[in-house]
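Taking it in order: structure first as structure tokens, then the write-up.
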Amino acid sequence: MNRFHRKRPFVSLRYKTILTVMLIVVVAMICFFTYFYSYSCDKARERYHEQTIILRDNLVNNISYYVTNCAKAARSIYYNDSVIKLLTNPNSNFINGETRDSNEIFSYLLSIYASVPSAVQVQLSAYRLERSFLLTTYDLAHYLRITPNLSYEQEYPQSVRPSIDGSIRIQNSHRMTSYSHFVSNVASRNQYVFTVQIPLYILPNADSMIGMLSVDISTRYIENSCSFGTDSETEVYIVTQDGTIIYAPDESRIGETLNTAWIREDALPDESNTYTRAGMEVSTRAFGSSYYAWRIYIVTPISAITRDALNSQVTLMVLFLLVLLLIAIALFGEMLRVVSPLNRMTLFFNQNQNYEQYNLNARLADHIHYHANDEIGVLIQTIDSMLESIDQHMEREYKMQLATRNSELRALQAQINPHFIYNTLQFIAGRILENGDVDSYNTIASFGQMLHYAMNMDESITSVEREVDYVRRYLELQALRNDHRLNFSIKADPGTMELMIPKMTLQPMAENAIIHGMLFDKTDSRIEIRLERDHEFFSMTFVNNGERADEEKMRIQMERARGFRKKYAQISRDAGSFAQLLQNVQIDESVRGQDGSSHHIGLGNVYVRFLLQYDGQCELSMQINKQQETEVSLRVPLSYMHTELPKDI
């Protein structure tokens with residue numbers, strides 16, 4: 001216990017921590033400035049190399065991926081017999097672009113576009129059909145052109161003709177054309193593309209060409225993939241093996257030969273490296289396949305790299321000094337702010353432990369005024385919540401014990417000998433059955449079962465199924481007692497029967513509806529009980545077509561219900577509230593006869609027992625429905641209910 005009174009270690013911890021942190025910060029500052037000043041330029045170049053290599057390799061892989069995908073997608077035609085038949089059958093219906101045969105061809109072209117999203121248009125020349133099919137991907141429009149005498153030799157002169165050996169050819173960057181089709185949106189076609197040309201054959205005869213598939217891929221895809229920002233001095237070039245420019249930042253240079261001072265003449269065809277030449281940092285890589293052989297260059301002036309590094313160095317040094325100064329000040333204040341509440345918290349527990357019994361009404365928030373939402377604030381709230389939960393739990397246990405004791409006393413006053421009465425009724429019922437009066441036997445036996453259920457004081461909660469059985473027997477006896485002038489129905493959703501509710505719940509609610517609805521004064525009286533369950537709530541609804549309830553009385557009843565709920569919420573702060581609450585319910589909710597005796601448990605009693613059982617999470621509603629019937633409902637969240645009897649009951 002004496003360790004709680006030693007305040008010196010807490011003061012020592014505060015200053016030792018601050019001095020240690022400050023010493024570490026100063027040493028780190030000196031080491032960091034020395035290291036940063038010596039290697040900032042080298043590190044900047046290393047970062048540049050890493051970024052450009054990643055960008056270069058990603059761009060190369062993407063281009064290779066699209067070209068390869070384009071070839072694979074085009075060759076899927078060899079697995080589509082219907083398309084092959086259309087391209088080789090002169091009787092295919094290609095009068096216009098809207099026929100079924102045309103749509104099947106355009107579906108094939110659309111599958112090519114799906115594999116190569118960067119394609120701006122896909123064109124197919126069908127030589128045997130003398131047709132040209134064009135799909136523009138920016139608006140998914142498709143066009144059909146009839147070209148008499150269309151052939152491979154006519155479409156591709158010897159100078160631009162792809163090899164006839166079945167291989168694929170990549171046509172260098174050029175202005176996008178319409179392949180002699182009349183297309184809309186001509187303005188969007190003013191861009192450079194490189195074309196993947198795939199010849200189509202009737203396999204296995206590679207000499208019988210039936211068409212040529214051309215896929216135009218925009219060079220803007222390369223521009224979007226390798227953008228360094230508007231203020232960057234980095235340039236990207238893609239050239240063929242002979243140096244012809246495929247892509248350049250300046251489109252006017254596309255098609256020219258790249259000849260600058262920073263190109264290494266001794267570069268190997270498959271070389272991939274980074275080097276410095278003519279004041280430039282150059283990252284290059286050769287890539288391609290059997291279809292093409294290209295090389296990419298990413299070029300940045302060394303001065304631009306070192307200039308940014310030096311500017312960053314000066315800025316970071318100034319900011320670092322300011323941040324360190326602010327951190328030192330904030331650290332000192334934060335240390336004082338954190339340690340001080342901990343000291344007061346220790347003192348709070350020490351004072352409470354001086355009592356013979358811990359004071360559960362004391363709260364940390366009353367002694368420590370800490371408003372920050374951090375670990376200390378959460379700790380204070382958690383401890384207070386824990387103390388309040390323990391206090392409420394103990395109070396709730398006391399209330400339940402008091403309620404049980406009162407119920408047992410009332411039961412003892414009204415109980416001569418439950419087993420004697422039950423056995424006597426069973427004996428009488430047996431004698432009646434011997435005389436052949438089955439209806440009277442069933443009535444007495446049903447009443448005996450009700451009496452046995454009501455006099456069992458060992459259970460405070462029970463299943464909905466047992467409550468339904470009890471209220472059904474009650475309503476049958478009431479109907480028999482009043483010449484069958486009472487009609488009733490009980491409807492239960494699946495999954496409601498196994499839920500646990502306070503005992504003697506449904507019968508008091510049904511009795512309340514019968515008495516206040518004056519159902520025995522009508523010849524067609526009816527009461528309906530609905531037990532409903534959804535994903536969140538369980539509800540009990542009682543509807544009767546008796547005397548229409550007075551709206552003012554319903555409003556008063558709802559006000560009293562809200563008062564009960566508010567009173568329940570205050571129980572943890574007022575030890576005497578629970579006893580007073582039960583007393584008020586017993587007095588106000590009992591329906592008294594001429595002699596002042598109580599005849600049944602009222603609606604308020606049921607509602608209060610639900611509040612106690614489900615931690616105040618119960619809602620009561622009363623209304624007149626569209627059929628001018630009185631409707632009373634109780635609703636409880638399913639998360640507060642059990643499907644079997646709790647072990648501590």
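The values are calculated or read from the model by the stated rules, or taken from the named source; none is laboratory data. The shown structure was predicted, so the numbers you read here are calculated from the model rather than taken from an experiment. Glycine also receives a Cβ, built like all others from the backbone with ideal geometry; neighbour counts cover every protein chain displayed. Accessible surface areas use protein heavy atoms only, side chains included; no ligands, DNA or RNA. Shrake-Rupley method; radii C 1.70, N 1.55, O 1.52, S 1.80 Å.
Where does each of 632-643, 128-139 land if you order them by average Cβ count within 10 Å, highest first?
Numbers: 632-643: 15.9, 128-139: 19.9.
Result, highest mean first: 128-139, 632-643.
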At a Förster distance of 41 Å, what's the computed FRET efficiency of GLN351 paired with LEU324, Cβ-Cβ distance as r, to 0.05?
0.50
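When only DSSP loop residues count, what GluC sites (Glu not before Pro) in the range 32-98 have their Cβ near at most 11 other Cβ atoms within 10 Å?
Numbers: sites: GLU46, GLU50, GLU98; in loops: GLU98.
Passing both the DSSP loop test and the Cβ count: GLU98.
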List the pair-distance distribution P(r) of the range 48-147, using every Cα-Cα distance, as the percent of pairs falling in each 5 Å bin from 0 up to the bin containing the longest distance, rounded to whole percents.
2, 12, 20, 20, 16, 10, 6, 5, 4, 3, 2, 0, 0
Euclidean distance between Cα centres, the range 479-541 to the range 77-100, Å
72
Give me the accessible area of TRP294, 1.4 Å probe, in Å² rounded to the nearest 10.
10
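Give me Rg/Rg_expected for the range 465-577, where Rg uses Cα atoms only and Rg_expected = 2.2 N^0.38 Å with N residues.
Here the Cα radius of gyration is 1.25 times the empirical estimate.
Show me 210-221, 242-253 ranked by packing, highest mean number of other Cβ atoms within 10 Å first. Could the numbers behind the result be given before it?
Details: 210-221: 22.0, 242-253: 15.0.
Top to bottom by mean Cβ count within 10 Å: 210-221, 242-253.
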In this structure, the FRET efficiency calculated for LYS85 and ILE390 from their beta-carbon separation, with R0 = 60 Å, to the nearest 0.05, is 0.15
Just list whichever of LYS399/LYS553; LYS567/LYS626; LYS553/LYS626; LYS399/LYS491; LYS503/LYS567 have alpha carbons separated by over 26 Å in the model shown.
LYS399/LYS553; LYS567/LYS626; LYS399/LYS491
Potential lengthening between SER178 and GLN401 on full extension [0.36 nm per residue; Cα-Cα distance subtracted]:
71.2 nm
If you average the sequence gap of Cα pairs under 8 Å that are 6 or more apart and divide by the length of the range 490-567, what percent do you get for the contact order?
31
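Evaluate the charge dipole of the range 479-564 about its Cα centre and quote only its size in Debye, nearest 20, assuming +1 on the Cβ of each Lys and Arg and -1 on the Cβ of each Asp and Glu. Display every interim value, and only then the final one.
Details: 13 positive and 15 negative charges, 39 e Å.
For this selection, approximately 180 debye.
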